[in-house]
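Below is one structure; the comments refer to it alone.
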Amino acid sequence: MVSDVNSHAPDGQPWRITVLRNRNGMVATFMDWGATWLSARVPMQDGSVREALLGCATPSDYLHQDAYLGATVGRYANRIASAELKKINLLLAANQGPHQLHGGPEGFDKRRWQILSQSDSEVHYRIDSPDGDQGYPGNLIADVIYQLDDDNCVSIRYTAHTDKACPVGLTNHAYFNLDAHHGDARQHRLQLQADRYLPVDSAGIPAAPLKAVDGTSFDFRQPKCIADDFLADDDQKAVKGYDHGFLLNTAGDCSQPAAQLWSADGRLQLSVFTSAPALQFYSGNYLAGTRAREQDSYTAFQGIALESEFLPDSPNHSEWPQPDCWLQPGDTWRSVTRYRFTPHAAG
Ligand code: BGC
């Protein structure tokens, strides 16, 4: 990243960048603004280094994009229909028409996180979110710890506590492109361990019950090139591609990959492990114009997001087979997602 050391974040303070390194020479970079994952540089078998993440050229560019590149998203990632918590008859701050997306207009991605500790392998961020923040009930404290290990695995561990019942579901919004020149990411192959996905309307709001992936373009149980069935059915057409919550068969089991992604040239593989019940697979349908690190701006479909979450609008849907997203006072919300990068020799 080009350092714009003279620029400051909106609170007048400098950006704080943290660089993690492992024994293989992998380097992962983070920023306290938005507790954002900026970069993942993976040493390849041929001695080259591949950047696996989309990102901006400078920290201040992150303020001028609405793709949530690499950001920590909260309190509740994804959409809440009509920005309404029906159970307690409370209206949240809306930021996508009448709906709330990714925690509201001033969500956790747009905030300074405190660095509690850092080392060569780990950085620990905390945010203090007051009662009423973005309309949410309760004082909430959320922690995110990023760790890079010698398996080229970036682990993200979240915890949160509240003093009033509140829906909580933080995620990271990294976009991956595992090819050297960051071409159309629909050329990647994807495997997703999900028998069911959630159809949504054109605003991304759940529009029907969970649906079996069998016989649809949403079946990624065997590795499939994303381009193969792109826009092949109405559920995709509604949102210009894939932008859906998949209910994971792994159901919180972190020991087996929930998803795997391969670069078009097969030389870099990403395995995603998560304790979350669902993954939002977003094919970057609205990325066009987003400020980019290597070029002026990204084009649509240049990156793939695999966000560990609850299904969209879960605070208003107790009928789906996943854990309750409402955090109670005295309880701890915990979630872990691991992104492991595996380089392969040329085929
Ligand atoms: C959403 C997309 C949205 C993107 C950036 C994704 O998580 O599902 O609809 O465009 O985030 O906000």
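Given points 7 Å out from each Cα along the Cα-Cβ axis, report the C254 to D195 separation in nanometres with one decimal.
Taking the simple label geometry, C254 and D195 are separated by 2.5 nm.
Roughly how much of E294 is accessible, in Å² to the nearest 10, using a 1.4 Å probe?
90
For the chain, with the dipole built from +1 on Lys and Arg beta-carbon atoms and -1 on Asp and Glu ones, taken about the Cα centre, which of H99, G74, V154 lies farthest toward the positive end?
V154
In debye to the nearest 20, how big a dipole does the chain give about its Cα centre with +1 on each Lys and Arg Cβ and -1 on each Asp and Glu Cβ?
300
When the dipole is taken about the Cα centre of region 13-125, and only Lys, Arg (+1) and Asp, Glu (-1) are charged at their Cβ, what size is it in debye, to the nearest 20?
For this selection, approximately 280 debye.
Using all C-alpha to C-alpha distances in region 17-343, build P(r) with 10 Å bins and read off the rounded percent in each one.
So the P(r) values, bin by bin, are 6, 28, 38, 23, 5, 0.
Ignoring ligands and nucleic acids, what accessible area does S121 show with a 1.4 Å probe (Å², nearest 10)?
Probe radius 1.4 Å; accessible area of S121 about 40 Å².
For region 17-343, report the accessible area per residue in Å² (1.4 Å probe, heavy atoms, rounded to an integer).
Per-residue accessible area for region 17-343 comes out at 36 Å².
In straight Cα distance, which lysines are under 22 Å from K224, not counting same-chain residues fewer than 8 positions off?
K211, K237, K240
For the chain, with all protein chains present and a 1.4 Å probe, just round the carbon and sulfur fraction of the accessible area to a whole percent.
That share works out to 47 percent.
In Å and on Cα atoms, what radius of gyration and Dmax does region 1-88 show?
Reported Rg and Dmax, both Å: 16.5, 57.
Can you figure out the FRET efficiency of A212 with S318, using R₀ = 30 Å and their beta-carbon distance, to the nearest 0.05?
With a Förster radius of 30 Å, E is 0.90.
The values are calculated or read from the model by the stated rules, or taken from the named source; none is laboratory data. Worth saying up front: this structure is predicted, and the values here are computed from it rather than measured. Note that we place each Cβ from the backbone using ideal geometry, even for glycine, and neighbour counts take in every protein chain shown. With ligands, DNA and RNA removed, areas are computed over all heavy atoms of the protein, side chains included. Shrake-Rupley method; radii C 1.70, N 1.55, O 1.52, S 1.80 Å.
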